[in-house]
Amino acid sequence: MSDLRIQPSRGLKGEITLPGDKSISHRSVLFAALADGTTEITGFLTGEDTQHTARAVQMLGIPVEGIGSSRLVVHGKGLDGLSEPTCVLDLGNSGTGMRLLAGLLAGQDFFSVLTGDQYLTKRPMGRIVEPLRRMGAVIDGRSEGKLAPLAIRGARGKIKALDYASPVASAQVKSAILLCGLYADGDTSVTEPSKSRDHTERMLRSFGVDVREEGLRVTLQGRQRLTTTGMLDIPADISSAAFFLVAASIVPGSDLVVRNVGVNVTRTGIIDILLAMGADLTMENGREQAGEPVADIRVRYRQLKAVEISGDLVPRAIDEIPVLAVAASYAVGTTIIRDAAELRVKESDRIATMALELRKLGAAIAERPDGMEIRGGGALAGALCESHGDHRVAMSLAVAGLAARGETTVRDTTWIETSFPGFGQLLLRTAY
Ligand code: S3P
C-alpha cells in the first residue's frame, strides 16, 4: 500500500503529455481483435484496467503483442475468430472491460466467465445482463445476474436484434448491446436519455462498420465485418488531463500546457464547466486523430466562481465530477451538482467518498441523493485522506492538497495505476 504526500504548490508550469485515453484503449484492442488482419495500436494506456482487457483478448485466442507497453500489435481473426477461454477472465477494477466484454461474449458460440476485484464485483451488472438476455444470451451471476462473476453462454446464430431504450445514459451499456448486435440478424438500436461518450460509434466506423445516429438513437445492422486500416494512434485521456486542468486553475502562479488531449464533445463537459467557472483555459492546434478530435489545452490560474452542474452536462463530465468538486471547494460561491446519481455506482460511491474526504480538508459539502452542494471560497488545510480504492478520488484529493495549507497525505494510492500510471511523479514534477 503506498501513500502520496502533497505539499502546497507555488504553481504548475510547463508542457506535459499524458497517457492514452482509457475508453478508447479498451475499444481499440477489442475491435482490432474482431477485425480481419493486423492492427498496430500506439498510445495505448498502460494502466491496469486496459491491460486486463488486452490479456482477456489474448485468452480469447487473439495474438496480442506488446502487453505492458503503449504499443500493441493485435492479430485480429475477424468477427467469428474468438475461441473459448480455458480460464476465468479477470477484468480487475474495470467496469468498461467487464461490460463491453460481456456484450461481445454474449454473441459467441462458447462459454465464458468474467470476474473482477472486490470493487468491480459490487457494481451493477443487471443493466447489461437484462438486455443481453433479451438478445438471447444465457447469463448467470450472483444475485440472479445483477453482480459479477458472470457466466455467459453465448448464443451465436440465435442472437435477436434489439431496439433498446436504456434507462441510463451509459456508454458501457450502449457499447455492450451494440457489440452483441454485431452478431444479430437485422438492426440493433440503443436510445439513451442523454448522450454518453460515442467512442464505440466512432471506432466502429473507422473499422468500416455502418453505424447510424438519429438524435439519441444509435443503430447498427448485424453481421457487418470489421476491416482494419492497420494503425490506430490513441490521444491522451481528457479524464486524466482534468486533474491538471483543475490543479492549474486553483493554484496561483500556474501556466500549464497539456498536449494532444482528446476533445470529443461527449467528453468535454470538464472544459465547458471550468469555462463557466471563469477558468483561463484555451484550446490550440485542433486536429483529428483516430477518428477523434484532439487539441492542446493551455490553462492559467484564475479565481474560479461557483456553477451549477446538471442535466445533459453530467454524462459529458461524469468521471470529472470528483475533481470538479475540488474546483468548487476553491471557487467563490455555492456550486450545485445534481442529476448525478450514477456517481454512486462508480469505482466507489463518489458522492459519499468525495464529501467525506474533502470535509477532512475543511471543505463545506452537503451530500444530496443525486449530487452535492459545495460552499467554496474558504481556505482548505492539508489532512490525512483515504482513496477508498478509487483512482479518481485519490487523484482529486492530491489536487486539492496542492492548493491547501500544510501537507496532505492520500493513503492507498496504488489504485491510481488502474488509469494513470506515473500520476504522482508527474504531479510532483509539474507542481513546484
Ligand atoms: C466509460 C463509460 C462511463 C465512464 C467510465 C468509462 C466507457 O461509464 O464513467 O469511466 O469507457 O464506456 P458508464 O458508461 O457506466 O456511464
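Read the figures in this text as sums done on the coordinates, not as results from a lab. These figures come from a predicted structure and were not determined experimentally. Don't worry about glycine lacking a Cβ; one is built from the backbone with ideal geometry, like all the others, and counts go over all protein chains shown.
At a Cα cut-off below 20 Å, give the lysines reachable from Lys346, other chains included and same-chain residues fewer than 8 away excluded.
Within the straight-line limit of under 20 Å, Lys346 reaches these lysines: Lys22, Lys122, Lys146, Lys174, Lys195.
Name the residue farthest towards the positive end of the dipole of region 234-345 from the options Thr268, Ile238, Val332, assuming +1 on Cβ of Lys and Arg, -1 on Cβ of Asp and Glu, about the Cα centre.
Val332
Restricting to DSSP H runs of at least four residues, report the calculated mean residue ellipticity at 222 nm for the chain, -39500 (n - 2.57) per run over all residues, nearest 500 deg cm²/dmol.
Taken over the chain, the calculation gives -9000 deg cm²/dmol.
Taking amide H atoms as placed 1.01 Å from N in the peptide plane, list the residues 5 or more away in sequence, or in a different chain, whose amide H sits under 5 Å from that of Asp109.
Long-range HN contacts for Asp109: Arg156.
Alpha carbon centre of region 207-286 versus region 173-187: separation in Å?
24 Å
Using a simple charge model, +1 on the beta-carbon of Lys and Arg, -1 on the beta-carbon of Asp and Glu, nothing else, what dipole does region 1-148 show about its Cα centre, in debye to the nearest 20?
Dipole size: approximately 600 debye.
5 Å is the cut-off here: which amide hydrogens, built 1.01 Å from N in the peptide plane, fall below it relative to Ala364, excluding neighbours closer than 5 in sequence?
Arg375
May I ask you to order 89-96, 102-109, 156-163 by the average number of other C-beta atoms within 10 Å around their residues, highest value first?
So the order, starting with the most tightly packed, is 102-109, 89-96, 156-163.
Which one, Gly78, Leu4, Leu114, is farthest towards the positive end of the dipole of region 1-125 when Lys and Arg carry +1 and Asp and Glu -1 on their Cβ?
Comparing the listed Cα positions along the dipole, Leu4 ranks first.
Ratio to report: Rg/Rh of region 46-120, with Cα atoms as the point set and Rh obtained by the Kirkwood method; give two decimals.
0.94
If packing is taken as the average count of other Cβ atoms within 10 Å, what order do 22-28, 425-431 fall into, highest mean first?
22-28, 425-431
How high is the relative contact order of the chain, in percent, with contacts defined as C-alpha pairs under 8 Å that are six or more residues apart?
That works out to 18 percent.
Can you give the percent of C-alpha pairs in the chain whose distance is more than 33 Å?
Of the Cα pairs, 31 percent sit more than 33 Å apart.
Would you mind getting the Kirkwood hydrodynamic radius of region 316-405 from its Cα pairs, rounded to one decimal in Å?
When all Cα pairs of region 316-405 are included, the Kirkwood radius is 12.6 Å.
When only DSSP loop residues count, what chymotrypsin sites (Phe, Trp or Tyr not before Pro) in region 58-163 have their Cβ near at most 11 other Cβ atoms within 10 Å?
For chymotrypsin sites (Phe, Trp or Tyr not before Pro) across region 58-163 that sit outside H, G, I, E and B with at most 11 neighbouring Cβ atoms in 10 Å, the list is empty.
Taking only the alpha-carbon positions of region 341-386 and ignoring solvent, what does the Debye formula give for the base-10 log of I(q)/I(0) at q = 0.22, 0.25 Å⁻¹?
-0.74, -0.89
Packing-wise, with mean Cβ within 10 Å as the measure, how do 387-395, 33-41 rank, highest first?
So the order, starting with the most tightly packed, is 387-395, 33-41.
In nm, give the distance between the simple-model label positions of Met231 and Ala352, each being 7 Å from the Cα along the Cα-to-Cβ direction.
The answer from the label model is 4.8 nm.
Please name which of Cys180, Gln221, Leu162 has its Cα lying farthest along the dipole of region 162-234 towards the positive end, using unit charges on Cβ (Lys, Arg +1; Asp, Glu -1) and the Cα centre as origin.
About the Cα centre, the residue reaching furthest to the positive side is Cys180.
Could you work out the Rg to Rh ratio of region 75-211, with Rh taken as the Kirkwood radius (inverse of the mean 1/r over all Cα pairs)?
Dividing the radius of gyration by the Kirkwood radius yields 0.94.
Relative contact order for region 157-316: what is it in percent, counting Cα pairs under 8 Å that are at least 6 residues apart?
21 percent
Using the alpha-carbon centroid of each, what span in Å lies between region 36-54 and region 388-404?
27 Å
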